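Participant: Right, I'll just put the structure down here and ask away after.
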Amino acid sequence: MLAASHEPPKYTPQKGTEILWDTWGVPHIYAKSVEDMFYAYGWAQTAAHGNLLLTVYGNARGRAAEYWGPKGNPISPAANNLNNDTWVWTNGIPQRGEEWLAAQTPEFRKYLDAFAAGINAFAAAHGDTLSVEAKRVLPVTTLDIITHQEKFVNFTFVAGQRLMFPARNAGTADAALDPRMAPFADDDPAAPNMDMEDGSNGWAIAPSHSASGKAMLLMNPHLAWAGEQSYFQVQLTAPGIDLSGATQIGLPVLRFSFSPYNAITNTVNTNDGADLYKIVLKDEGYLFDGKVLPFKVETHTLKVLQPDGSTKEQGLTIKSTVHGPIVRTDNGSPIALRVAGLDKPQMLDQYWHMDISHSFAEYEVQLKRLQLPMYNVMYADRDGHIMYFFASTLPKRSEGDYAFWGGVVPGDESKYLWNEYLPYEKLPKLIDPPSGYVQNSNQPPWDAGWPTMLDPAEYPAYVAPKFPHFRSDRGLRMLSEEKKINFEALAAKKLSTHMELADRMLPELLEAVNQYGSDSTKKAADMLKSWDRNAEANSRGALLFYVWAQKFTNAQLTISTASGSRNFAVPYKVEEPLTTPRGLKDPKYAVQLLDEAIDETIKTYGAMDRPWGEVMRFQINGQSDGNTAAERGAAIDGVDLPGNGGYGNLGIFRVVTFGPIANGIKTPVHGDTITMAVEFTKIPHAKVLVSYGNCSQPGCKHHTDQLPLLRDKQWRDLWLTRKDVEGNLEKRDTLQ
């Protein structure tokens with residue numbers, strides 16, 4: 001009998017199910033059944049990330065303020081719990097979660113129940129390893145898994161909490177062209193450093209482009225180095241199942257995976273699955289097609305924990321229109337939100353069946369379900385097939401382009417209210433292209449198989465924008481610079497710290513300095529001329545170029561060049577990704593910016609030629625992406641190493657986003673998380689690195705143990721056979 005949605009599920013694994021933890025803190029699960037495997041996976045996630053796991057489930061319940069007060073939680077002292085709970089209830093996440101849970105297949109529901117039961121079993125057996133604050137969320141129910149999935153994907157990536165705040169840059173071409181410029185309030189703690197680019201790199205290489213004649217896949221997600229975006233590496237084995245990979249904490253299936261049959265990776269795409277509508281008030285209601293309609297009004301009571309341990313109730317009134325809930329007010333006008341995919345409850349089930357497919361035909365059957373609300377998905381298999389797919393529950397709209405729908409659209413006319421989605425056949429995709437590879441680094445889909453181009457004219461204008469992306473260009477260049485790539489070359493290319501933007505701009509800048517530069521500028525130019533354009537620990541010149549580039553592009557590299565109207569002489573052309581945009585529109589002004597960059601670099605970093613790795617340090621600063629600047633710079637567990645890699649908007653493929661400067665250094669907040677490469681040899685050949693380690697529990701030695709590998713640009717071999725795992729065993733959990 002299936003567990004009730006609000007009751008913790010009961011499950012007991014069969015005798016013989018084991019978790020073998022290797023010396024990097026990676027669990028290898030050997031289960032007697034698929035249900036046992038899910039149970040053990042819930043146990044393993046809780047063992048390695050228990051405080052984080054329980055926190056994200058508490059957030060998804062919309063009870064964060066009740067558990068932890070208005071500010072702060074077990075993983076983030078800066079968390080605004082009232083904003084979290086307001087967002088959850090305004091969008092009906094708990095109520096919809098009930099509907100989604102009821103829509104799961106009986107088989108997959110059993111797996112979800114087992115995963116939740118494994119979480120609770122670990123907490124019962126090892127509650128002393130969990131924080132008092134995190135344990136307030138216990139026990140976990142199967143509903144928690146579904147509501148977390150919904151909040152994490154549909155209401156973080158598709159439509160983020162930032163939409164609650166008055167808009168920054170709203171209505172501008174910049175904001176509409178690139179979803180990373182979605183509106184932020186000036187005081188919104190979620191607003192990113194504009195050096196940051198959410199997303200990932202992903203490559204799938206066909207046998208025709210592979211030196212071994214075997215397909216290969218690169219998985220390289222870039223997200224925050226802490227919090228709910230954290231990844232967890234695992235191997236899952238059960239009768240008929242052999243999967244390795246990773247997913248975010250709290251999700252029970254792998255979003256990045258490989259088996260003996262296939263490999264799958266994801267990147268954040270330019271999907272526009274959420275629209276904002278400007279509501280026109282009239283009398284006590286709002287105008288819609290010339291009629292006055294009443295608002296739908298609901299009330300909810302939030303509970304807020306007080307310092308003395310009591311709780312205080314706070315009312316929340318939620319108004320909705322035919323579009324969706326009112327999420328904010330701009331200049332007196334209510335703004336309603338409509339999110340696509342809220343009638344698609346089986347994302348986790350689809351991922352599971354994608355993971356375990358044995359052929360491309362089986363895999364494509366799963367893609368056609370269109371349960372994934374977003375993401376670029378890249379695929380490779382042992383039979384040599386590769387694929388790029390722009391996954392999306394993309395609304396079928398009556399008119400308008402990407403920029404129009406990226407702003408706030410009129411809410412008083414029904415022609416802008418969509419109710420259908422584009423079918424699978426109408427979404428961008430490439431299957432086994434002549435290029436011999438597919439790739440994406442968060443750019444629009446058009447150059448996924450360059451020079452095999454997808455033609456934007458063949459799709460509605462609202463499907464995706466057209467803008468340049470230097471990190472993607474770097475990937476394209478590395479993929480296309482040789483006819484065939486071997487596995488070792490793929491691994492080395494992934495770790496490249498070369499700046500594509502420097503190649504594009506530095507020669508002309510140096511020429512301009514010769515004509516317009518002062519003595520100090522010419523001295524700086526001599527340093528830049530001798531710099532190899534890499535961001536290695538010993539690179540001198542990288543800091544100065546970084547500061548100049550942010551000025552030249554106004555810190556919005558992909559956006560500022562989208563219209564070709566700022567500082568580039570030659571605007572972006574979608575069919576010429578490796579050569580546009582380029583050139584200095586005003587060489588004299590570019591040299592002036594270099595003068596300013598010299599002063600700023602000396603003031604900020606102490607010297608114009610300071611090595612990159614003296615400023616950019618590999619540390620893991622606590623377990624929160626909300627640490628204050630004052631807390632940064634204090635190495636945890638004594639790990640403080642010179643860094644390499646850097647900001648993706650400079651065209652660096654090895655992305656490490658270093659946060660605000662404090663005490664003279666910057667430390668990672670974002671970037672390469674788990675990086676995995678696989679080649680379909682007889683036994684898959686695979687390498688991996690988890691930048692921030694494979695656990696986050698206090699005192700866990702595996703939270704920092706991979707930083708030296710990150711510094712040295714080294715990979716780890718995956719141990720895939722039980723013999724290899726037993727030979728590198730740290731501990732064993734026997735579950736009964």
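Participant: If you check Ser496 against the conditions, is it outside any helix (DSSP H, G or I), of a type outside the set (A, V, I, L, M) and at pLDDT 95 or above?
Facilitator: yes
Participant: For region 691-730, enumerate the residues that are β-branched (Val, Ile, Thr) and touching a Phe, Trp or Tyr at 6+ places or on another chain (Cβ under 9 Å).
Facilitator: Thr704, Val725
Participant: Turning to a different aspect of this structure: For region 34-139, list the helices (runs of 4 or more DSSP H) that sit wholly inside it and hold at least 1 residues that are over 22 Å from Pro345 (Cβ atoms) and of a type in the set (Val, Ile, Thr); which are they?
Facilitator: In region 34-139, the matching helices (runs of 4 or more DSSP H) lie at 34-61, 81-90.
Participant: Any residue in region 422-437 that is under 18 Å from Thr265 (Cβ atoms) and assigned to a strand (DSSP E or B) sitting within a Cβ distance under 8 Å of a residue that is at pLDDT 95 or above and of a type in the set (Ser, Thr, Tyr)? List the pairs, counting only those 6 or more apart or interchain.
Facilitator: What qualifies is Lys429/Tyr388; Leu430/Tyr388.
Participant: In the set Ser212, Ser244, which member is at pLDDT 95 or above and not in a strand (DSSP E or B)?
Facilitator: Ser212
Participant: State which residue pairs qualify: first residue under 27 Å from Gly72 (Cβ atoms) and inside region 34-56, second residue among the hydroxyl-bearing types (Ser, Thr, Tyr) in any location, beta carbons under 6 Å apart, and separation of 6 or more residues or different chains.
Facilitator: Correct list of pairs: His49/Ser696; Asn51/Ser131; Leu52/Ser696; Leu53/Thr46.
Participant: Can you tell me which residue is farthest from Lys585 (Cα to Cα) among those in region 483-535 that are surrounded by fewer than 17 Cβ atoms within 10 Å (Cβ to Cβ) and among the polar types (S, T, N, Q)?
Facilitator: My answer is Asn486.
Participant: Those residues that are part of a loop (DSSP other than H, G, I, E, B) and aromatic (Phe, Trp, Tyr), I need them from region 527-558; list them, please.
Facilitator: Of the residues in region 527-558, the ones part of a loop (DSSP other than H, G, I, E, B) are 531-533, 535-541, 553-556.
Matches in region 527-558: Trp531 only.
Participant: Next question, about the same structure. Any residue in region 317-330 that's hydroxyl-bearing (Ser, Thr, Tyr): show its pairings with residues that are modelled with pLDDT of 95 or more and in a strand (DSSP E or B) at Cβ separation under 7 Å, as long as the two are six or more apart or on different chains.
Facilitator: As it stands, the answer is Thr317/Val297; Thr317/Thr299; Ser320/Lys296; Ser320/Ile326; Thr321/Tyr286; Thr321/Ala336; Thr329/Ile335, since those pairs meet every condition given.
Participant: Of the numbered conditions (1) more than 21 Å from Leu718 (Cα to Cα); (2) of a type outside the set (S, T, N, Q); (3) crowded, with 24+ Cβ neighbours inside 10 Å, Phe256 fails exactly one; give the number of that condition.
Facilitator: (1)
Participant: Condition (residue is within 24 Å of Thr23 (Cα to Cα), outside any strand (DSSP E or B) and at pLDDT 95 or above) applied to region 301-323: is it met by at least one residue?
Facilitator: No, region 301-323 has no match at all.
Participant: When you go through Ala524, Ala502, Ala512, Ala461 one by one, which is the residue that is touching a helix residue (DSSP H, G or I) at 6+ places or on another chain (Cβ under 9 Å) and part of a loop (DSSP other than H, G, I, E, B)? Step through it out loud before you land on a result.
Facilitator: Working: Ala524 fails: part of a loop (DSSP other than H, G, I, E, B); Ala502 fails: part of a loop (DSSP other than H, G, I, E, B); Ala512 fails: part of a loop (DSSP other than H, G, I, E, B).
Answer to the check: Ala461.
Participant: Further, regarding this structure: Looking at Leu236, Leu223, which one is in a strand (DSSP E or B) and modelled with pLDDT under 95?
Facilitator: Leu223
A quick yes/no check of all residues on (1) modelled with pLDDT under 90; (2) surrounded by fewer than 17 Cβ atoms within 10 Å (Cβ to Cβ); (3) touching a strand residue (DSSP E or B) at 6+ places or on another chain (Cβ under 7 Å); (4) not β-branched (Val, Ile, Thr):
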site: Thr553; (1), (2), (3), (4): yes, no, no, no
site: Leu593; (1), (2), (3), (4): no, no, no, yes
site: Gly606; (1), (2), (3), (4): no, yes, no, yes
site: Phe618; (1), (2), (3), (4): no, no, yes, yes
site: Asn621; (1), (2), (3), (4): yes, no, no, yes
site: Ser624; (1), (2), (3), (4): yes, no, yes, yes
site: Gly646; (1), (2), (3), (4): no, no, yes, yes
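Participant: Further, regarding this structure: So in region 660-680, with the set limited to residues that are β-branched (Val, Ile, Thr) and either farther than 20 Å from Lys214 by Cβ or in contact with a Ser or Thr (Cβ under 7 Å, 6 or more places away or on another chain) (or both), which one is surrounded by the most Cβ atoms within 10 Å (Cβ to Cβ)?
Facilitator: So, considering only residues that are β-branched (Val, Ile, Thr) and either farther than 20 Å from Lys214 by Cβ or in contact with a Ser or Thr (Cβ under 7 Å, 6 or more places away or on another chain) (or both), the one surrounded by the most Cβ atoms within 10 Å (Cβ to Cβ) is Thr667.
Participant: How about region 324-342: which of its residues are out of contact with any helix residue (DSSP H, G or I) (no Cβ under 9 Å at 6 or more places or on another chain), of a type outside the set (Gly, Ala, Ser) and in a loop (DSSP other than H, G, I, E, B)?
Facilitator: Hit for region 324-342 is Asn331, nothing else.
Participant: Check Trp418 against each of (1) at pLDDT below 95; (2) more than 30 Å from Leu501 (Cβ to Cβ) and name the one condition it does not meet.
Facilitator: Condition (1) is where Trp418 drops out.
Participant: Right, here's the next one. With Thr265, Thr270 as the choices, which residue is under 23 Å from the mean Cα position of the chain (by Cα), assigned to a loop (DSSP other than H, G, I, E, B), surrounded by 24 or more Cβ atoms within 10 Å (Cβ to Cβ) and among the β-branched types (Val, Ile, Thr)?
Facilitator: Values: Thr265 fails: assigned to a loop (DSSP other than H, G, I, E, B).
Thr270 is the lone residue from the list that is under 23 Å from the mean Cα position of the chain (by Cα), assigned to a loop (DSSP other than H, G, I, E, B), surrounded by 24 or more Cβ atoms within 10 Å (Cβ to Cβ) and among the β-branched types (Val, Ile, Thr).
Participant: Given the structure, is Gly671 free of Cβ contacts under 8 Å to residues at least 12 places away in the same chain and more than 18 Å from Ala489 (Cα to Cα)?
Facilitator: no
Participant: Separate question: Could you please tell me which pairs satisfy a Cβ distance under 6 Å, a separation of 6+ or placement on different chains, a first residue in region 465-485 that is more than 20 Å from Ala403 (Cβ to Cβ), and a second residue that is part of a helix (DSSP H, G or I) and modelled with pLDDT under 95?
Facilitator: Arg471/Gly648
Participant: Shifting gears a bit: Considering (1) under 27 Å from Leu254 (Cα atoms); (2) surrounded by fewer than 24 Cβ atoms within 10 Å (Cβ to Cβ); (3) within 22 Å of the chain's Cα centre (by Cα), say which one Asn83 fails and leave the rest.
Facilitator: (1)
Participant: Among what's in region 348-402 and is in a helix (DSSP H, G or I) and in contact with a Pro (Cβ under 7 Å, 6 or more places away or on another chain), pick the residue that is surrounded by the fewest Cβ atoms within 10 Å (Cβ to Cβ).
Facilitator: Of the residues in region 348-402, the ones in a helix (DSSP H, G or I) are 348-355, 360-367, 402.
Then drop every residue that is not in contact with a Pro (Cβ under 7 Å, 6 or more places away or on another chain), which leaves 348, 402.
On the way: Leu348: 24, Tyr402: 22.
Of everything passing the filter in region 348-402, Tyr402 is surrounded by the fewest Cβ atoms within 10 Å (Cβ to Cβ).
Participant: Go through the residues of region 208-220 one by one and say whether even a single one is within 30 Å of Leu138 (Cβ to Cβ) and crowded, with 24+ Cβ neighbours inside 10 Å.
Facilitator: Scanning region 208-220 turns up no residue that is within 30 Å of Leu138 (Cβ to Cβ) and crowded, with 24+ Cβ neighbours inside 10 Å.
Participant: Identify all residues within region 441-455 that are buried (at least 19 other Cβ atoms within 10 Å of the Cβ) and over 12 Å from Arg477 (Cβ atoms); write none if there are none.
Facilitator: Across region 441-455, the qualifying residues are Asn442, Gln443, Pro444, Pro445, Trp446, Ala448, Gly449, Leu454.
Participant: Just to verify a result, which residue in region 626-640, among those that are at pLDDT 70 or above and under 27 Å from the mean Cα position of the chain (by Cα), is nearest to Ala542 (Cα to Cα)?
Facilitator: Within region 626-640, the match that is nearest to Ala542 (Cα to Cα) is Asp640.
The values are calculated or read from the model by the stated rules, or taken from the named source; none is laboratory data. If you're wondering where the values come from, they're calculated on a predicted model, not measured in any experiment. Ideal geometry is used to build each Cβ from the backbone, glycine not excepted, and the neighbour counts take in all protein chains shown.
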